[in-house]
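The values are calculated or read from the model by the stated rules, or taken from the named source; none is laboratory data. Since we're looking at a predicted model, the values are computed, not measured. Heads up, the Cβs are rebuilt from the backbone with ideal geometry, glycines too, and the neighbour counts pull from every protein chain shown. Just the protein is used for accessible areas: all its heavy atoms, side chains included, with ligands, DNA and RNA removed. Shrake-Rupley method; radii C 1.70, N 1.55, O 1.52, S 1.80 Å.
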Amino acid sequence: MTGPLELAAGVPDGPDSYRFHTADGVASPGSFRTAELLLLRSLHGAAPGDHLSVQSNYGVVGVGIAASAASVRMTEASARRARLCRRNAAENGADVHTAIVADIGRLLRRYDTASYAPESHTPIAVGKQRIADALATLRPGGRLFVAAADGAGGSRYADCLRELTGDCRTVASADGCVVSVAERPREFEPPRYVGPTRFTARADGVALPLVTLPGMFAAGRLDHGTRLLAAAATVDDGDRVLDLCCGAGPLGISAARTADCSVTLTDDSRIATRAATCSLRAAGVDGRVVTADGVAGVAGERFDRVLCNPPTHAGDGVLSSLLGDASRVLAGDGVLLVVHHRDLDLRPHLRGYRSVSERATGEEHVVVAARR
């Protein structure tokens, strides 16, 4: 974990400065994002009232606006980021509520203002869906502030705001990033820009009915690494199996369809666990799905097999804690099976295990077995 980062308040209300803890797996852990700083500056002079911060990252906008807002709710699809939001709110004395949410359109409460800073890797359709759903959470006349650079789809998001509301204006800009604002129409029904993809994949001869959502890893297909791991995972009747970083749930479903075992699926992303729940239902598999950072949601349990296709793009900090902590939920003779690209060396993240051996190799991936 890096940080903390320090930010001068710049307003009469609240503390003189704010401190934000960050970590691998968040957007811009080493410095503040221009988009979030512009949102904060724009909201301070905008009488935010009851405010909704969409995809709050580690809480810069929600925490920073808390002193001048009537109330603030931060949402995040990531359990890891939500935990940082809560920590930063508590340490800065900000009265803010944080929730792990996949679909903000399902929120029942209505707000006066909302803010959203899409990340550069966010699929445009996903960003537009969040904009439409954020508008739906506002009271009629409520304002949505969207900050993005052109490299992150800024002009297309501004066009989306115009299409949905009939008008939008620019209220701030810096370093190629623009804040656009639009008001929610009195009558508004959010359109659907994204929807689930349902398909059946096969791994080692086993049919895997899956449901994925845009923005997920390998959405709409079964990736080669997961296919290799599913074939290499020897699961026996009676085993307790954990599908760690489950995504849409193919490993858990594969285990349940090849042995009479119990399966638990967990992922940091609420979007992924929502898709996994749908996949289990489609496969007719009785399993449990948990949204949590790593093994935090199953910390008191023990498993005979932990199957993991880890988010190698999330950084060494995430990998070290994810794979290291997995040893704490292994049964005495349990095994962790991890798949990774052949060019990646995971041995530094598996040093705490008694033995690490190669279980299977593919054209681009390797499966290793680790025992504690």
* What number of residues in the range 19-75 are open to solvent by 10 Å² or more (accessible area, probe 1.4 Å), touching an Asp or Glu at 6+ places or on another chain (Cβ under 9 Å) and hydroxyl-bearing (Ser, Thr, Tyr)? -> 4
* Structure fact -> Scanning the range 220-247 for residues that are open to solvent by 10 Å² or more (accessible area, probe 1.4 Å) and more than 18 Å from HIS340 (Cα to Cα) gives GLY220, VAL235, ASP236, ASP237, GLY238, ASP239, ARG240
* **Close pairs (9 angstrom Cβ cut-off, 6 or more residues apart or separate chains): in a strand (DSSP E or B) in the range 14-43, among the aromatic types (Phe, Trp, Tyr) anywhere** => PHE20/PHE32; PHE20/TYR58
* To do: Go through the range 313-354 and count every residue that is of a type in the set (Gly, Ala, Ser) and free of Cβ contacts under 8 Å to residues at least 40 places away in the same chain.
  => 6
* Structure fact -> Exactly one of THR197, THR212 is buried (at least 16 other Cβ atoms within 10 Å of the Cβ), under 30 Å from ALA232 (Cα atoms), of a type outside the set (A, V, I, L, M, F, W, C) and free of Cβ contacts under 8 Å to residues at least 24 places away in the same chain, and that residue is THR197
* Of all residues in the range 127-156, which are touching a Phe, Trp or Tyr at 6+ places or on another chain (Cβ under 6 Å) and of a type in the set (S, T, N, Q)? -> GLN129, THR137
* Among the residues of the range 172-192, write down those that are open to solvent by 70 Å² or more (accessible area, probe 1.4 Å) and in a strand (DSSP E or B). => SER173, GLU183
* **Residues satisfying the stated conditions in the range 124-148, i.e. open to solvent by 20 Å² or more (accessible area, probe 1.4 Å) and over 16 Å from ASP159 (Cβ atoms)** => ARG139, PRO140, GLY141, ARG143
* Asked: Looking at SER254, SER262, which one is small (Gly, Ala, Ser), open to solvent by 50 Å² or more (accessible area, probe 1.4 Å), more than 21 Å from the chain's Cα centre (by Cα) and under 19 Å from VAL289 (Cα atoms)?
  -> SER262
